[in-house]
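Notes follow the structure.
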C-alpha cells in the first residue's frame, strides 16, 4: 500500500516562479510528482527535506502545505530562502511552531489558500470538516 494511503497527513508544496525542470534540477525522489501550476511548480507526494532544498536553491517563496484528515489541521509553512519560516494554520490561539501569518497571498481559509496556490484539494486529500449542531 502506498505510504500516503496509510497516513492521514498529506503534504504538497508550491514553489513560486519555478518551472518543473528547475525543481527537478534541485532534487527529486520516487515519492513525489512535479508539474507546473499557475504559481510556479507544484510538488505532490512526500517531498520531505527537499522543501528546504527548494527554498535554499530557488527564488520562491516555497509554500509547504500540510493537511491531516483525522484532525482537520491545515497549515502552510512559508519559506523564503534561508530566512526563518512563517506559518499560517487553521488553529487560532495555538502556537503554530513558527511566527504566525494571517493569510497566504491574501487567502485566509484552507479552501481559499488551495485556490490561490492552485493546488487541487485532492492533492492533499482536503475536505472541509463538517461541524455538528
### Task
Could you please let me know if residue 102 is in a loop (DSSP other than H, G, I, E, B) and either modelled with pLDDT of 95 or more or farther than 24 Å from residue 32 by Cα (or both)?
yes
### Summary
Subset of the range 28-44, residues under 17 Å from residue 17 (Cβ atoms) and either in a loop (DSSP other than H, G, I, E, B) or free of Cβ contacts under 8 Å to residues at least 40 places away in the same chain (or both), comes to 34, 35, 36, 37, 38, 39, 40, 41, 43
### Task
Please find, within the range 45-58, the residue that is surrounded by the most Cβ atoms within 10 Å (Cβ to Cβ) out of those that are at pLDDT below 95 and outside any helix (DSSP H, G or I).
47
#### Entry: Scope the range 75-90; condition part of a loop (DSSP other than H, G, I, E, B), in contact (Cβ under 8 Å) with a residue 12 or more places away in the chain and farther than 17 Å from residue 116 by Cα; matching residues
80, 81, 82, 84, 85
### Task
Looking only at the range 89-121, count how many residues are surrounded by 11 or more Cβ atoms within 10 Å (Cβ to Cβ) and out of contact with any helix residue (DSSP H, G or I) (no Cβ under 7 Å at 6 or more places or on another chain).
20
### Task
Using the structure shown, decide if residue 94 is over 21 Å from residue 115 (Cα atoms), over 15 Å from the mean Cα position of the chain (by Cα) and free of Cβ contacts under 8 Å to residues at least 24 places away in the same chain.
yes
### Filter pass, residue 72 being in contact (Cβ under 8 Å) with a residue 12 or more places away in the chain, surrounded by fewer than 17 Cβ atoms within 10 Å (Cβ to Cβ) and more than 16 Å from residue 34 (Cβ to Cβ)
yes
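The values are calculated or read from the model by the stated rules, or taken from the named source; none is laboratory data. The structure displayed is predicted, hence computed values, not measured ones. Here Cβ is always computed from backbone atoms with ideal geometry, including for glycine, and neighbour counts include all displayed protein chains.
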